[in-house]
Amino acid sequence: NVPGSSIGVDALPIRESLRGKSAYGAPQLTVPVQLNTNENPHPPTQALVDDVAESVREAARELHRYPDRDAVALRTDLAAYLAGQTSVPVTVDNVWAANGSNEILQQLLQAFGGPGRSAMGFVPSYSMHPIIADGTQTDWLPIFRRADFALDVDAAVEAIRARRPDVVFVTSPNNPTGHSVGIAELRRVLDAAPGVVIVDEAYAEFSDAPSALTLIDEYPSKIVVSRTMSKAFAFAGGRLGYLAAAPAFIEALLLVRLPYHLSVVTQAAARAALRHANETLGSVHALATERVRVSKALEDTGFRVIPSDANFILFGEFTDSAHAWQAYLDRGVLIRDVGIPGYLRATVGLASENDAFIVASDAIAATEL
Ligand code: PMP
């Protein structure tokens, strides 16, 4: 008998705009093959584990003090990583960090969205964008992608001109469809946008497409590039997201962030993980190779596979995707029903996990397609 369990959320004086909404819902189930949340399946190396442990041990001596509120050392390391990866000479003044890119996106909408303002996204895309819009009382303006799930740039530009959103989300590569958006297309979006354009590059390391970072100097008052250590960096449990933008954006975010949001432990662990970037990111190439193998196997079995630049694959077409999702789970394979009728999304895992997924797919194709 849980104290207080006699009432439900509807009995609370919750904001009207939140009534009846669903929470972010990737099921966290323990099954043999977990291919549902686009993590890097390669566990950290022993050297990285040891370095994180030693760094946290050192940092623990300072636990009685608040952390560096501005995470300067960590942001310096992140800037060096970004500059090396993209050849754009970003510095600590261009970079901000938070607990996962979800917190980055929330801080951005706290500063640039809010009551009376709107955010546009090209759907299907990352399901947290509208949820963060709701949480910050920003009107959500969804614009559909093409039937093949690629971004329809003409429709995007037209919608931006018509609706004049304060914030535009462009996800590249897009979750859950896997498409990257080219620099020329981004320029068209940026030219049309009256406000801020957030390019969500959570999966950038998996793609060969150039990063939107190259556009910061050209559109300093408009573009923010959001990144995360959750995917390619295999640091989802460490919770570290970051962004690159003109220094003025970081000044703006200082107005909304909670002081000391990044703990001493998080900062120390993230810096240690960054020191091992080369070995961790080595797995990205292996995952891209596996993505090609899995895509081909699915196609050979008769599935329609959406071409992906990321570490996941959207595929179908199922007669009933919810039923098909359960059929995978019954075979010990957890993938993701992202709410697109006829389609499911599978994260690319270790070769053995992918083999199990392919075996399940062969069986399921016979009854579910
Ligand atoms: N953006 C996109 C496109 C994502 O897919 C995800 C994770 N699923 C995130 C942001 C958030 O990741 P995190 O908060 O772990 O950085």
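The values are calculated or read from the model by the stated rules, or taken from the named source; none is laboratory data. Note that the structure is predicted; figures quoted are calculated from it, not measured. A quick note on method: Cβ atoms are made from the backbone with ideal geometry, for glycine too, and the neighbour counts reach across all protein chains shown. Accessible surface areas use protein heavy atoms only, side chains included; no ligands, DNA or RNA. Shrake-Rupley method; radii C 1.70, N 1.55, O 1.52, S 1.80 Å.
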For the stretch 328-349, which positions are out of contact with any strand residue (DSSP E or B) (no Cβ under 9 Å at 6 or more places or on another chain) and in contact (Cβ under 8 Å) with a residue 40 or more places away in the chain?
329, 339
Tell me, which residue of the stretch 104-141 that is open to solvent by 40 Å² or more (accessible area, probe 1.4 Å), within 20 Å of residue 244 (Cβ to Cβ) and within 15 Å of the chain's Cα centre (by Cα) is nearest to the ligand (Cβ to nearest atom)?
126
For the stretch 212-261, how many residues meet the condition of being of a type in the set (Val, Ile, Thr), within 13 Å of residue 103 (Cα to Cα) and in contact with a strand residue (DSSP E or B) (Cβ under 8 Å, 6 or more places away or on another chain)?
1
Which of (1) outside any loop (DSSP other than H, G, I, E, B); (2) more than 16 Å from the ligand (Cβ to nearest atom); (3) open to solvent by 10 Å² or more (accessible area, probe 1.4 Å) is the odd one out, the single condition residue 148 does not satisfy?
(1)
Scanning the stretch 163-174 for residues that are within 14 Å of the ligand (Cβ to nearest atom) and assigned to a loop (DSSP other than H, G, I, E, B), which turns out surrounded by the most Cβ atoms within 10 Å (Cβ to Cβ)?
174
Condition set more than 16 Å from the ligand (Cβ to nearest atom) and not in a helix (DSSP H, G or I), scope the stretch 259-289, selection surrounded by the most Cβ atoms within 10 Å (Cβ to Cβ): answer is 276
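Results for (1) outside any helix (DSSP H, G or I); (2) touching a helix residue (DSSP H, G or I) at 6+ places or on another chain (Cβ under 9 Å); (3) surrounded by 23 or more Cβ atoms within 10 Å (Cβ to Cβ), shown as yes or no for each residue.
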residue: 176; (1), (2), (3): yes, no, yes
residue: 187; (1), (2), (3): no, yes, no
residue: 190; (1), (2), (3): no, yes, no
residue: 194; (1), (2), (3): yes, yes, no
residue: 197; (1), (2), (3): yes, yes, yes
residue: 209; (1), (2), (3): yes, yes, no
residue: 218; (1), (2), (3): yes, yes, no
If we keep only residues of the stretch 4-31 that are outside any loop (DSSP other than H, G, I, E, B) and open to solvent by 80 Å² or more (accessible area, probe 1.4 Å), then the residue farthest from residue 326 (Cα to Cα) is 16
Condition met for residue 324 (open to solvent by 10 Å² or more (accessible area, probe 1.4 Å) and in a helix (DSSP H, G or I))
no
For the stretch 236-258, state whether one or more residues are of a type in the set (Phe, Trp, Tyr) and assigned to a loop (DSSP other than H, G, I, E, B).
no
So residue 177, is it under 14 Å from the mean Cα position of the chain (by Cα), within 16 Å of the ligand (Cβ to nearest atom) and farther than 26 Å from residue 75 by Cβ
yes
For the stretch 23-33, indicate whether the set of residues that are β-branched (Val, Ile, Thr), in contact (Cβ under 8 Å) with a residue 24 or more places away in the chain and more than 30 Å from residue 243 (Cβ to Cβ) is non-empty.
yes
In the stretch 32-61, residues that are under 22 Å from residue 352 (Cβ atoms) and surrounded by fewer than 15 Cβ atoms within 10 Å (Cβ to Cβ) total 4
Test: residue in the stretch 84-92 that is open to solvent by less than 60 Å² (accessible area, probe 1.4 Å) and under 30 Å from residue 313 (Cβ atoms):
yes
